[in-house]
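Quick notes on the structure that follows.
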Amino acid sequence: MKCPYCEVEMEKGIIHGDRYAIKWIEETRDKGAIVNFFQKGVKLTNPWTSNSIEAYYCKACKKIIIDVNNIEL
Ligand SMILES: [Zn+2]
């Protein structure tokens, strides 16, 4: 995957979750890590399977890009 900022090839890697799904939650609804489990959001990982997700990293721009394939709002 090419970085959308600098167009250099990004490095493929993986982000591992802990016990719970990693979620993206809108800033306006974020209540902090403790109630994160109960908040609806875009789930990036599934703790019942591997609980990890592929991510592409650009060292130059310090950006990480994640393909979201399990949108659950
Ligand atoms: Zn870049």
> Using a simple charge model, +1 on the beta-carbon of Lys and Arg, -1 on the beta-carbon of Asp and Glu, nothing else, what dipole does the range 3-73 show about its Cα centre, in debye to the nearest 20?
Replying inline: 260 debye
> Lysine pairs, Cα distance under 16 Å, 8 or more residues apart or cross-chain: how many in the chain?
Replying inline: 11
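Can you tell me the relative contact order of the chain? Whole percent, Cα pairs under 8 Å, sequence separation 6 or more.
Result for the chain is 36 percent.
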>> For Lys63, what residues show an amide H to amide H distance below 5 Å, using hydrogens built from the backbone and excluding near sequence neighbours?
In response: Cys58
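Compute the whole-percent fraction of alpha carbon pairs in the range 11-66 spaced more than 12 Å apart.
On the way: 1039 of 1540 pairs.
More than 12 Å apart: 67 percent of the Cα pairs in the range 11-66.
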>> Could you tell me which residue out of Tyr56, Thr45, Thr28 lies farthest along the dipole of the chain toward its positive end? Charges go on the beta carbon: Lys and Arg +1, Asp and Glu -1, centred on the Cα centre.
In response: Thr28
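Each value in this text was obtained by applying a stated rule to the coordinates, not by laboratory testing. The model shown is predicted, which means the values in this text are computed figures rather than measured ones. Cβ sites come from the backbone with ideal geometry, for glycine too, and all protein chains shown count toward neighbours.
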